[in-house]
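The values are calculated or read from the model by the stated rules, or taken from the named source; none is laboratory data. Since we're looking at a predicted model, the values are computed, not measured. Counting neighbours? That spans all protein chains shown, and the Cβs are built from the backbone with ideal geometry, glycine included.
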């Protein structure tokens, strides 16, 4: 039987599959915490813009009404913060009636947003909820290592290994001609080890393309220059095409859009929140398989002095 025939009928006997299994296993164990962290934080950030607007002070514009003058806003701020010195009164924010006012009192700088129509103190422009959202963004994008983009560099390295995990997973998904259809679905009625294995396999198949896009886009965010160089090599520099977007630029834009789930539809964004958790689920199911097949099996061997006890079949009652 040739190598190709073995691969089609008995893939477990092929050395490529055995090597892919070892690579897939150890990369999965090494990247587990990182993948779960980015999976959960990425899902939470799908609605980042909406959350940021919800967390910060807001004051809608009212057509036909005039904004208070700077003198009036200074008077309103001084009335609310007696003894303070008004350091700065900003301009009304775009698409909003908010005006940023900086106040110094007792040596402390206070930043507040005021309603430009009424002089009402709308609150801290950077409340703790907005700061936590920003920290979550820094965690996902840069692993909280913002200096010299070190965190983004490590995310790029992790994405390279994720790409290897993705490729070896594709090799492992193939079970052979007789049973290949079983890799598409799972049954909730199955015993937990089988359910866990089938779920891992099915999720890997149905989200194969999206996980690959997440891996490639993670590499792009860390090192965009090589990607842009390839686009310019194929379609020419921007000035040679009147700065119009090339097909390569459109591909990159769509990859970024798919990575973050930037859709106008709230329903589609909600779907992206759920799909963003798939890598975390796959790492958890993969870790359980490793525990069940390796760790638990070794513990049974140790308990029985090197031999695994045979399971007794239940006797039938005639």
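Determine if region 60-69 includes at least one residue that is over 30 Å from residue 287 (Cβ atoms), surrounded by 17 or more Cβ atoms within 10 Å (Cβ to Cβ) and modelled with pLDDT under 90.
Here is the first cut: in region 60-69, the residues over 30 Å from residue 287 (Cβ atoms) are 60-69.
Filter again for surrounded by 17 or more Cβ atoms within 10 Å (Cβ to Cβ), leaving 68.
Subset that is modelled with pLDDT under 90: none.
Within region 60-69, not a single residue is over 30 Å from residue 287 (Cβ atoms), surrounded by 17 or more Cβ atoms within 10 Å (Cβ to Cβ) and modelled with pLDDT under 90.
From the list 166, 154, exactly one residue is surrounded by fewer than 18 Cβ atoms within 10 Å (Cβ to Cβ) and assigned to a helix (DSSP H, G or I). Which is it? So that I can check it myself, show each step before the final result.
Details: 166 fails: surrounded by fewer than 18 Cβ atoms within 10 Å (Cβ to Cβ).
Sole residue among the options that is surrounded by fewer than 18 Cβ atoms within 10 Å (Cβ to Cβ) and assigned to a helix (DSSP H, G or I): 154.
Quick one: how many residues across region 23-40 are over 19 Å from the mean Cα position of the chain (by Cα) and farther than 16 Å from residue 173 by Cβ? Give the steps one after another, and end with the answer.
From region 23-40, those over 19 Å from the mean Cα position of the chain (by Cα) are 23-26; that's our starting set.
Still in the running and farther than 16 Å from residue 173 by Cβ: 26.
Number of matching residues: 1.
Count, please, the residues in region 129-151 that happen to be over 19 Å from residue 260 (Cα atoms) and loosely packed, with under 15 Cβ neighbours inside 10 Å.
Total satisfying the criteria: 6.
Among the residues in region 272-285, are any within 30 Å of the chain's Cα centre (by Cα), at pLDDT 95 or above, within 18 Å of residue 209 (Cβ to Cβ) and outside any helix (DSSP H, G or I)?
Looking through region 272-285, at least one residue is within 30 Å of the chain's Cα centre (by Cα), at pLDDT 95 or above, within 18 Å of residue 209 (Cβ to Cβ) and outside any helix (DSSP H, G or I).
Looking at 102, 155, 115, 126 in this structure, which one is touching a residue at least 60 places away in the same chain (Cβ under 8 Å), touching a strand residue (DSSP E or B) at 6+ places or on another chain (Cβ under 9 Å) and more than 30 Å from residue 10 (Cα to Cα)? Give the derivation first.
Values: 102 fails: touching a residue at least 60 places away in the same chain (Cβ under 8 Å); 155 fails: touching a strand residue (DSSP E or B) at 6+ places or on another chain (Cβ under 9 Å); 115 fails: touching a residue at least 60 places away in the same chain (Cβ under 8 Å).
Every option except 126 fails the conditions.
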